[in-house]
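This report concerns only the one structure given below.
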Amino acid sequence: MKISVIGCGYLGAVHAASMAKLGHTVVGIDVDSAKIAELKAGRAPFFEPGLPELLLAAQDTGNLSFSTDFQDAAEADVHFICVGTPQRVGENAADLTYVNAAFTSVAELAKEGSYLVGKSTVPVGTALRLQEEIRSTRDGITVVWNPEFLREGHAVKDTLHPDRLVYGVESGLESDAAVAVLDEVYAQTLSEGTPRLVVNFPTAELVKTAANSFLATKISFVNAMAELCELTGADVTSLADAIGRDDRIGRKFLNAGIGFGGGCLPKDIRAFNARAEELGADQALTFLREIDLINMRRRSRAVEVMREMLGGSLIGKNIAVLGTAFKPESDDVRDSPALSIAQQLQLQGATVKVTDPEAINNSRRRFPELSYVETVEEALAKADLVAVLTEWKQYRDLTPEDLAPHTRGRVIFDGRNVIDSKAFKAAGWTYQGVGRS
């Protein structure tokens, strides 16, 4: 099929390359000429394992091209809208400026009988509004909602081999013509046995926000338990192992730490709550406010623990911060708890040296006042305390012998509970994880 992908940020670039891999002829459209130049050269504007190779391979076959001209999308049968929905400045609600503009622009040039498929995470009610607006000016243009479920660091796999496909169509019926069109788009994926669900617009819009809210709730629950464990002498890891044996609960996402971040979970739960308020259903989602508060409290709690480990004051102390990305295998520092903690440590008087395998440049743009170094050894130099804040494999594998020659003190804070605590304690280090006595 002929496909256009509007918006070539994280979601769009991955989706465009993946659709080309599935055999379609794809053009990716974005107004950012520098981004398009990078993508044409096979370079992703962000770190995502496997994407550069996919971009080059897809362009070599002739299936994939990129452009800044919307007119190059005019002949597409299906237009995927993959633009961002950031949090509004000073508010919790989602900013739909880019979504509205993308649908309007594409609807003006799309050929009759084509499909505009939203993949952006939007407030419930958006798809129907867009369909009605387009219908008032153009006949034969159909809106569909096809939410994405990408995990940063695994986005290529999640697009090519998803655990489910959700089609949101206006009728909500299997017989809707749009269902057959999306089945053709995802024919190879469906042939692998991927489950497919056909739902109406509001259900499709709620799927992503509901999923993110559930994950955020699970993470914040175990982090709340971690605070109790710290006060009582219990061990949150063993607690999570025990309750995770119940298949109604499950062990995934029950890892205590410094909280979640990134460009999805924090903004999505806030936007979900804001939309519920607009609909008069705010009482149903009041728990999300507490989830957000628990998550943010993890950051200040981490700083408190490190201050206690250093005798009650951070002033004049050297701290090595290992990791600033909100998760490993990503260079994303949006709402990153690790980067926020590094800044708080410095504001409270510590001298902080920060390193990350992929996120240093993005971190420097966010907080230029911090001191960034390229290697772990540089960060460790004369450190009084080592803080592991992102669970990159190279940090998980660190041993006391790796650290001791460089540091001044033998104190380590494990913000992700991934370090071999027994090895460090046996080597005479003061070790503190999250929710662990």
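The values are calculated or read from the model by the stated rules, or taken from the named source; none is laboratory data. Owing to the predicted nature of the structure, the values given are computational and were not obtained by experimental measurement. Because the Cβ atoms are built from the backbone with ideal geometry, glycine has one as well, and the counts that use them run over all protein chains shown.
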inquiry  = Going residue by residue through the stretch 112-122, is there one that turns out to be surrounded by fewer than 18 Cβ atoms within 10 Å (Cβ to Cβ), closer than 24 Å to L265 by Cα and touching a residue at least 24 places away in the same chain (Cβ under 8 Å)?
reply    = no
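Matching residues to (1) in a loop (DSSP other than H, G, I, E, B); (2) of a type in the set (D, E); (3) buried (at least 16 other Cβ atoms within 10 Å of the Cβ):
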{"position": "A204", "(1), (2), (3)": "no, no, yes"}
{"position": "F214", "(1), (2), (3)": "no, no, no"}
{"position": "T217", "(1), (2), (3)": "no, no, yes"}
{"position": "V222", "(1), (2), (3)": "no, no, yes"}
{"position": "E227", "(1), (2), (3)": "no, yes, yes"}
{"position": "E230", "(1), (2), (3)": "no, yes, yes"}
{"position": "S238", "(1), (2), (3)": "no, no, no"}
{"position": "A242", "(1), (2), (3)": "no, no, no"}
{"position": "R248", "(1), (2), (3)": "yes, no, no"}
task = All but one of (1) buried (at least 19 other Cβ atoms within 10 Å of the Cβ); (2) over 30 Å from G140 (Cα atoms) hold for V83, so report the exception by its number.
result = (2)
remark   = The condition from (1) under 23 Å from S421 (Cβ atoms); (2) in contact (Cβ under 8 Å) with a residue 40 or more places away in the chain; (3) assigned to a helix (DSSP H, G or I) that G257 misses is numbered (3)
query = Within the stretch 375-393, restricting attention to residues that are touching a Gly at 6+ places or on another chain (Cβ under 8 Å) and assigned to a strand (DSSP E or B), which residue is farthest from N318 (Cα to Cα)?
reply = V388
query = Hey, among the residues in the stretch 5-47 that are of a type in the set (A, V, I, L, M) and without any contact (Cβ under 8 Å) to a residue 40 or more places away in the chain, which one's nearest to A155 (Cα to Cα)?
reply = A44
Filtered residues of the stretch 307-337 (kept if under 27 Å from the mean Cα position of the chain (by Cα) and in a helix (DSSP H, G or I)) = P337
message = Restricting to the stretch 190-220, count the residues that are in contact (Cβ under 8 Å) with a residue 24 or more places away in the chain and either basic (K, R) or under 18 Å from L293 (Cβ atoms) (or both).
response = 10
query = Can you name the residue in the stretch 173-204 that is among the small types (G, A, S) and out of contact with any Pro (no Cβ under 9 Å at 6 or more places or on another chain) and is also nearest to A58 (Cα to Cα) among such residues?
reply = A187
request  = Please indicate, with yes or no, whether at least one residue in the stretch 178-201 is closer than 30 Å to G140 by Cα and at pLDDT below 95.
outcome  = no
